[in-house]
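Written out below as structure tokens is the structure these notes cover.
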Amino acid sequence: MGRLDRRGFLAAGAATFSLAALGTASGGAAPAVRPAAPPVADAAPPEVVEVELVARPRLARILPEPAGPTPVATYSDAFPGPVIRMRQGQRLRARLVNGLDEHTSIHWHGLRLPNAEDGVPFLTQAPVPAGATHTYDFVPPDAGSFFFHPHCDTTRLLGRGLAGLLIVEESDGPRFDADLPCMVKDWHLEPDGRIGTVSTDRGAARAGTFGNVATVNGSIDPVIPVPAGGDIRIRLFNVDSSRILDPMLEGAEAWILAVDGIPMTPRRLDGWLAGPATRLDIVFRAPKTGTVRLVNAYASTPRPLAAFRAEGTPLSRGRFRPLPLPAAAIPAPDLARAETLRFDFSATAVARAFAEADLAGLPFADSLCLSEKTFWAINETPWPDAGHERLPPPLAVLERGRTYVLELANLTPHLHPIHLHGHSFLVLGSDKRSLPRHYADTVLLEPRERMRVAFVADNPGDWMLHCHIIEHQETGMMGFLRVA
């Protein structure tokens, strides 16, 4: 694991690593996947990467003086972060120490891991009480760019910065001269540096409550040094609770190599919207001199996010050609035998509110994990239903090993990034826009859009399906699928 201070975070991965290229399918065909390797008899146990994540309040400098430091919540003294780097095939053993004044857990976003390690309180594990510890232990099956965060009181805790990055490096693939994590997050800050209002009823019932200070790696418009003339890999993580990104690189030709950590046929970075929880692996050739600017074009005026400044003697490289990453070992859906299930994402017919007393003493819920108000629903059922007296049943029960096509229908005038735990799905298409077939774990539904995705239900357990605009998640737009 790399425990990095801010300077180290900005320059993370500047060391070159050697990888070899492997092709994927192009055009409208499904991206290439490779079958999982069969188990090897008497194989040596995987090397273990051990980390300790101490979730507690800390202070961090975000606004310049004379503003004071901001009271944040993080998993380590590194801000932001930490960044955990490991190699594919290694085992992660992460010990969570809960230094908060409330129970918590860690959800490992985007990982196809065992259900007991998914980190959803009351659904996959008991919550970790204040002052207690819990150890997560699993082998990530896929290389890629992932992150982790709490799954209760998420709006408030993620608003204070409680998130970290998990990078699982490929065992082979193309060569890069720098590999840079870029964590994009807005903050709700008062002029003196204090955390402001992170959620409002108006925001929760519409597009979300937006922050007023945009940062990359905890800094406002940072300048990140990169090797002049080098091939630069950016791992762009949208860890914001509400912000939609349309990332653009000014001053360089940029290509997407992976979405949500899953390799795709390289395509130009041009109009690819990245909602909350989406990750994009991007490659560009740095100039010999000068800077390349990263901006968010999803605004009337593009918002600057960061700059990459060429430094050092220019590297000698041939013609810039984006090479694909190694294909992921994800089960390919059997579309000919798939069952189709429809999920409607809508506002509730009537916004509902419940008293705190209704939440007391429930076996599977409390006021940290469930909002007192509901504005949203999946298939006309808000999470939870029946006045919070009981959690709803599964949205669907899936047969293990079978392929399912999910028809996701956004019946609202707002965008919704829909995330499925424990699985990666193949995006088949949309009724509103042209999209290449690619794998993801979070897909952004535009207003009134219908999208179809397919996956093999090969991971048993209860898996959350929800909007990753966190205020929507916490006010009803959440449910779970049971793979039995």
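Just a few scattered comments:
- Ala332 being among the hydrophobic types (A, V, I, L, M, F, W, C), farther than 30 Å from Pro174 by Cα, at pLDDT 95 or above and outside any strand (DSSP E or B): no
- Given (1) surrounded by fewer than 22 Cβ atoms within 10 Å (Cβ to Cβ); (2) not assigned by TED's automatic domain parsing to the domain that holds Gly173, index of the condition Phe345 fails: (1)
- Test for Asn238: is it surrounded by fewer than 24 Cβ atoms within 10 Å (Cβ to Cβ) and touching a residue at least 40 places away in the same chain (Cβ under 8 Å): no
- Whichever residue in the range 429-445 is free of Cβ contacts under 8 Å to residues at least 40 places away in the same chain and over 17 Å from the mean Cα position of the chain (by Cα) and, among such residues, is surrounded by the fewest Cβ atoms within 10 Å (Cβ to Cβ): Ser434
- The residue list Leu100, Leu96 contains one member that is crowded, with 16+ Cβ neighbours inside 10 Å, assigned to a strand (DSSP E or B) and over 19 Å from the mean Cα position of the chain (by Cα), which is Leu96.
- Looking across the range 59-76 at every residue that is touching a residue at least 24 places away in the same chain (Cβ under 8 Å) and outside any loop (DSSP other than H, G, I, E, B), the one that is surrounded by the fewest Cβ atoms within 10 Å (Cβ to Cβ) is identified as Pro71.
- Matching residues in the range 103-140 - criterion: being part of a loop (DSSP other than H, G, I, E, B) and under 21 Å from Arg85 (Cα atoms): Ser105, Ile106, Gly110, Leu111, Arg112, Leu113, Pro114, Asp118, Gly119, Val139, Pro140
- Scanning the range 400-427 for residues that are in contact with a helix residue (DSSP H, G or I) (Cβ under 8 Å, 6 or more places away or on another chain) and part of a strand (DSSP E or B) yields Thr403, Val405, His416.
- Cβ-Cβ contacts under 9 Å between residues 6 or more apart (or on different chains), taken from a first residue in the range 391-404 that is of a type in the set (Lys, Arg) to a second residue that is part of a strand (DSSP E or B) and at pLDDT 95 or above, are listed as Arg400/Val483; Arg402/Glu339; Arg402/Val456.
- When residues of the range 151-205 are limited to those that are among the polar types (S, T, N, Q) and over 15 Å from the mean Cα position of the chain (by Cα), the one nearest to Ala67 (Cα to Cα): Thr197
- Within the range 252-300, tally of residues that are outside any strand (DSSP E or B) and surrounded by 24 or more Cβ atoms within 10 Å (Cβ to Cβ): 7
The values are calculated or read from the model by the stated rules, or taken from the named source; none is laboratory data. The model shown is predicted, which means the values in this text are computed figures rather than measured ones. Note that we place each Cβ from the backbone using ideal geometry, even for glycine, and neighbour counts take in every protein chain shown.
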